[in-house]
Structure formats: structure tokens, C-alpha cells
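I have placed the structure first, in the form of C-alpha cells, so that the comments after it can refer back to it.
The values are calculated or read from the model by the stated rules, or taken from the named source; none is laboratory data. Here the structure is a predicted model, which is why all the values come from computation and not from measurement. Note: ideal-geometry Cβ built from the backbone for every residue, glycine included; neighbour counts use all protein chains shown.
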Amino acid sequence: MSRPSIQLIRGFKDILPGETELWQHIERTAVALFEDFGYREIRIPIIEKTELFARSIGEDTDIVEKEMYTFGDRKGDLLTLRPEATASICRSYIQHKMYAQDPVRKFYTIGPMFRRERPQKGRYRQFYQIDAEIFGVEAPYADVELIFLLRTLFERLKVTDTTAHINSLGCPACRPRFKDALADMLTAAAASLCSDCMRRKDRNPLRVLDCKAPGCRETMRSAPSILDYLCDACRSHFSTVTDMLTQLRVPFKVDKQLVRGLDYYTRTAFEIQTGALGAQSAVAGGGRYDGLVGSLGGPETPAIGFAIGLDRLAEIVSLNNPAAVRKPDLFIAALGEPARKLAYGWSTALGLAGISASMDFGDKSLKAQLKQANRLGADQVLIIGQSELDAGAVVLRDMAAQTQREIPVKAIVAALIETFCKPGAR
Ligand code: HAM
């Protein structure tokens with residue numbers, strides 16, 4: 001009896017050829033934009049000490065409370081698969097004393113993150129983020145730059161159906177006053193809250209603001225606005241952000257109910273939301289975290305960043321762009337071993353010259369090989385069998401135009417390179 005095949009873990013997925021071309025296109029577009037604006041790539045580990053995430057993202061957040069993949073390694077250290085990149089980048093910034101030479105640093109990173117959420121469309125347990133962070137800039141221009149970059153990237157990817165929501169979450173000087181006002185309001189409205197928010201209202205009342213349960217949403221319509229509680233410094237920071245976004249013609253919506261699922265944020269918080277993905281409306285999110293580097297043991301350093309959900313972005317981009325799979329430039333149909341040997345040498349020489357030549361290594365008939373060329377989408381097929389070898393010339397067939405021409409075997413590689421490297425040939 002054959003053994004059952006092994007399936008992927010729930011909430012994980014393969015990204016297959018046909019999809020990876022689009023992912024590469026998105027990644028290349030993002031990297032080019034970041035590099036143009038002075039960001040440098042950083043690569044951080046996929047596993048860190050659990051304490052790093054608990055201390056930065058916050059013990060009372062959904063991520064730390066119930067979504068982390070945490071395990072003891074063989075020595076008993078508690079380790080976690082990273083649920084996000086910001087904490088690790090801060091750790092690295094501090095560990096390598098990057099602040100010493102020049103505290104102003106701009107980074108980007110792209111890679112997988114892990115959260116044990118309930119899987120659904122647009123929500124996975126392993127998902128990918130494109131992340132950008134700026135360290136050492138307190139001025140609101142950093143906030144504006146990041147939101148501007150998101151807007152530009154989405155435009156370059158022809159994603160237009162999105163809105164930037166922005167809010168200010170205040171700072172340790174002004175947020176406690178807002179929290180108190182919110183907690184009073186929540187106590188008065190406790191009867192209309194869902195069971196999760198009953199718990200949140202004492203431990204993390206801000207999170208009630210973005211609860212999706214209908215009763216909580218209705219109640220929170222009359223919640224106080226944090227923007228009315230900002231101290232002068234936070235108010236002025238936020239108004240420069242909104243002024244500059246207006247000046248740069250970046251559309252945005254001030255959303256007093258926007259809070260983020262991670263505790264490290266201060267001042268500006270933002271999300272890029274879309275209606276294209278059903279319940280999962282956030283395709284990117286970020287904000288300022290001026291206290292985090294200090295609280296992780298580094299010098300007090302203002303910082304801000306964002307992360308784009310690459311899986312979600314790819315889904316949106318694919319709605320407008322059918323996958324662009326690279327087709328072979330040429331299919332070589334070889335018949336018989338001597339022809340195959342020769343053709344194999346040609347195909348590798350062509351590959352080195354940047355021309356992708358596909359061939360079949362089995363003993364298939366010409367008809368079957370032509371069918372295969374068709375399936376692969378090759379526009380040109382080179383046919384070589386014993387009679388072509390004897391005659392010293394092969395046939396190059398243009399499948400679309402239904403024409404063919406003979407090429408002498410002697411000069412074949414040079415002739416093909418010339419054919420395919422002509423401007424507009426591919
Ligand atoms: P976040 O809002 O938790 O922020 O995640 C950013 C984006 O990652 C979300 O907007 C969403 O598109 C995507 N995402 C999150 N969870 C999933 C999931 N389970 N499946 C698919 N996509 C998901 C952060 O992670 C912060 N570190 C962002 C940041 C950087 N803040 C400052 N710097």
C-alpha cells in the first residue's frame with residue numbers, strides 16, 4: 001500500500017512559478033525605490049529570543065499573547081519565529097552600535113514572518129513583509145517620507161484602490177490622559193462590549209477602538225478622539241505631517257479610530273487600507289516608535305517604519321496584471337542521440353548568452369516535441385534530426401508566423417544569438 005503524501009501545514013502556502021514572477025516584480029520595484037531614497041538592505045534572523053518580541057510588541061497584544069510560534073531549544077532557551085521585523089532591526093541597531101557613528105539610518109528588509117492567526121483569505125501563518133525603517137529622525141519629515149514612499153510604490157505597481165489612514169497616538173506625556181477618558185467611557189458602555197473588549201478595556205483600552213465586532217463599532221463611534229488630547233508637541237508634529245502630505249498631493253484620511261496591534265507606537269500611526277481583500281483591509285501598516293530603542297537598552301532614538309503585507313499586495317496587483325510567466329525564447333526539437341548531443345551544447349551556449357532555449361531530453365516524436373514547444377509558449381522552434389545533420393543545416397520555425405528558414409549548422413549559435421538579440425526580437 002502506498003503511503004499518504006505529506007501536505008503543507010495549515011496557514012502556510014507555496015508560492016509557485018506563475019506567482020513568483022509577480023512577487024519578484026513587486027520586490028524589484030520596492031528595492032529600486034528604497035535604494036533611490038537612501039535605504040540600505042538589512043537581513044535579520046528568522047528566530048530571536050522570545051523576550052525581544054514580548055518586550056517590544058507588548059505582553060498584552062494578540063501577537064504576544066496567542067500568536068507567536070515559541071519553543072524551547074535543546075538548552076531550554078525560549079525562542080520565537082519572528083512575527084514582525086521591527087523588533088529585530090532595533091536589536092541589531094543597538095547590538096552593532098549603529099547609533100555611534102551616525103544615528104540616522106534607513107533600512108529595508110524583505111522576508112517571511114510567522115503568526116499563528118486563524119487562516120483565511122489574505123491571512124496566513126507564514127506571510128511575507130516588505131519592511132522599511134528610519135532611525136534617528138525626530139522631525140515629521142520622516143513620517144511623510146514613508147507614507148509618500150508607500151503611495152509611490154503602490155502607484156508604480158498600478159494599485160490605486162487604496163486609502164492611507166493616519167492618526168496620532170500621542171506620547172507618554174499626553175496618551176495617559178486620553179486612556180483615562182477612554183477607560184471612563186468604556187466602563188459606562190461596558191454592557192455593549194464584546195467579551196474580548198471587556199478584557200481589553202482594563203488592560204489595553206486603545207485596542208477597543210478598532211474592534212471589528214458590530215456592537216463595539218457602534219459604541220466606539222461616540223468614543224473620545226485622541227487628537228483632542230494631544231500635547232502641543234504631538235499636535236504640532238501631526239499637523240506638519242498632514243500639511244506636508246497635502247503639499248505632496250498624497251491623499252489621506254485622518255482616522256481617529258486607527259490604533260495598531262503592537263504596543264510600541266507613539267505619535268503618527270498609519271495604515272494603507274483596501275476594499276479589494278474582503279475582511280483583511282490593511283495592506284500595509286506602520287508608525288513612529290520613539291521609545292522602543294531606549295526601552296530595548298539602546299540610547300533614546302526616535303524611529304519610524306512600516307511593513308507591507310507582500311502576500312496581500314501580490315493578490316491586489318494580480319487582480320490587474322495577469323501573471324507574466326517567462327516563456328523560453330526557443331525550443332530545440334532534437335531527434336536521435338547525435339542530434340541531441342549537439343543541440344544540448346547549443347542550448348547551454350545560448351543560455352550563457354541570455355537566450356533561454358528549452359529542449360526535451362527523452363526520445364519523443366517530432367509531433368510530441370512541437371506540442372511541448374507550443375505548451376511552453378516558445379515562439380521559435382529549431383528542428384534537428386539525422387537528415388539535418390547530414391545536410392549541415394537546421395530548420396528554424398516561427399510558430400506564430402508559420403514560416404521557417406534554414407540555418408547552417410556550423411554557425412548556428414552565432415546566428416541564433418544574432419536573431420534573438422536584435423532589438424525587438426523578444
Ligand atoms: P502589522 O500591521 O502587524 O505591522 O503588519 C504589517 C502588514 O503585514 C499588515 O498590514 C498586513 O498587510 C501584513 N500582515 C500582518 N499579518 C498578516 C498575516 N497573518 N497574513 C498576511 N499578511 C499579514 C507590523 O508588523 C509592524 N512591524 C510594521 C512596522 C514597521 N511598524 C514600524 N515599522
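From the list Tyr108, Tyr124, which residue is under 17 Å from the mean Cα position of the chain (by Cα) and within 10 Å of the ligand (Cβ to nearest atom)?
Values: Tyr108 fails: within 10 Å of the ligand (Cβ to nearest atom).
Tyr124 is the lone residue from the list that is under 17 Å from the mean Cα position of the chain (by Cα) and within 10 Å of the ligand (Cβ to nearest atom).
Residue by residue, here is whether (1) within 20 Å of Glu21 (Cα to Cα); (2) out of contact with any strand residue (DSSP E or B) (no Cβ under 9 Å at 6 or more places or on another chain) holds:
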{"site": "Asn320", "(1), (2)": "yes, yes"}
{"site": "Phe331", "(1), (2)": "no, no"}
{"site": "Leu335", "(1), (2)": "no, no"}
{"site": "Lys341", "(1), (2)": "no, no"}
{"site": "Leu352", "(1), (2)": "no, yes"}
{"site": "Leu382", "(1), (2)": "no, no"}
{"site": "Gln386", "(1), (2)": "no, yes"}
{"site": "Gly392", "(1), (2)": "no, no"}
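Give the residues of segment 40-89 that are of a type in the set (S, T, N, Q) and either loosely packed, with under 13 Cβ neighbours inside 10 Å or within 22 Å of the chain's Cα centre (by Cα) (or both), sorted by residue number.
Those that are of a type in the set (S, T, N, Q) and either loosely packed, with under 13 Cβ neighbours inside 10 Å or within 22 Å of the chain's Cα centre (by Cα) (or both): Ser56, Thr80, Thr86, Ser88.
For segment 27-71, name all the residues that are among the basic types (Lys, Arg) and in contact (Cβ under 8 Å) with a residue 60 or more places away in the chain.
Answer for segment 27-71, where residues must be among the basic types (Lys, Arg) and in contact (Cβ under 8 Å) with a residue 60 or more places away in the chain: Arg40, Arg43, Arg55.
Select from segment 165-192 the residues that are outside any helix (DSSP H, G or I), touching a helix residue (DSSP H, G or I) at 6+ places or on another chain (Cβ under 6 Å) and more than 14 Å from Leu230 (Cβ to Cβ) and list them in ascending order.
Listed by number, the list holds a single entry, Ala189.
Tell me which residues, restricted to segment 127-141, are more than 14 Å from the chain's Cα centre (by Cα) and either polar (S, T, N, Q) or on the phi > 0 side of the Ramachandran plot (or both).
Gly136
Among residues belonging to segment 304-360 that are away from the ligand (no atom under 16 Å from the Cβ) and in a strand (DSSP E or B), point out the one that is surrounded by the fewest Cβ atoms within 10 Å (Cβ to Cβ).
Filtering segment 304-360 for residues away from the ligand (no atom under 16 Å from the Cβ) gives 320-360.
Of the ones still in play, those that are also in a strand (DSSP E or B) are 330-334, 357-359.
Numbers: Leu330: 24, Phe331: 28, Ile332: 28, Ala333: 26, Ala334: 27, Ala357: 23, Ser358: 18, Met359: 20.
That would be Ser358.
For the list (1) within 18 Å of the chain's Cα centre (by Cα); (2) more than 9 Å from the ligand (Cβ to nearest atom), I need the number of the one condition that Val144 fails.
(1)
What are the pairs, 6+ residues apart or on separate chains, where a residue within segment 122-149 that is within 23 Å of Gly170 (Cα to Cα) has its Cβ under 6 Å from a residue that is at pLDDT 95 or above and among the basic types (Lys, Arg)?
From residues that are within 23 Å of Gly170 (Cα to Cα), the pairs are Ile134/Lys106; Phe135/Arg105.
Is one or more of the residues making up segment 231-251 under 26 Å from the mean Cα position of the chain (by Cα), of a type in the set (D, E, K, R) and surrounded by fewer than 22 Cβ atoms within 10 Å (Cβ to Cβ)?
Scanning segment 231-251, I find at least one residue that is under 26 Å from the mean Cα position of the chain (by Cα), of a type in the set (D, E, K, R) and surrounded by fewer than 22 Cβ atoms within 10 Å (Cβ to Cβ), so the answer is yes.
Being under 16 Å from Cys174 (Cβ atoms) and charged (D, E, K, R) is true for just one of Arg217, Arg235, Arg200, Arg260. Which residue is that?
Arg235
Could you say which residue among Arg312, Arg288 is at pLDDT 95 or above and out of contact with any helix residue (DSSP H, G or I) (no Cβ under 8 Å at 6 or more places or on another chain)?
Arg312
On the basis of being out of contact with any helix residue (DSSP H, G or I) (no Cβ under 9 Å at 6 or more places or on another chain) and within 16 Å of the ligand (Cβ to nearest atom), does Ala269 make the cut?
When the stated conditions are applied, Ala269 passes them.
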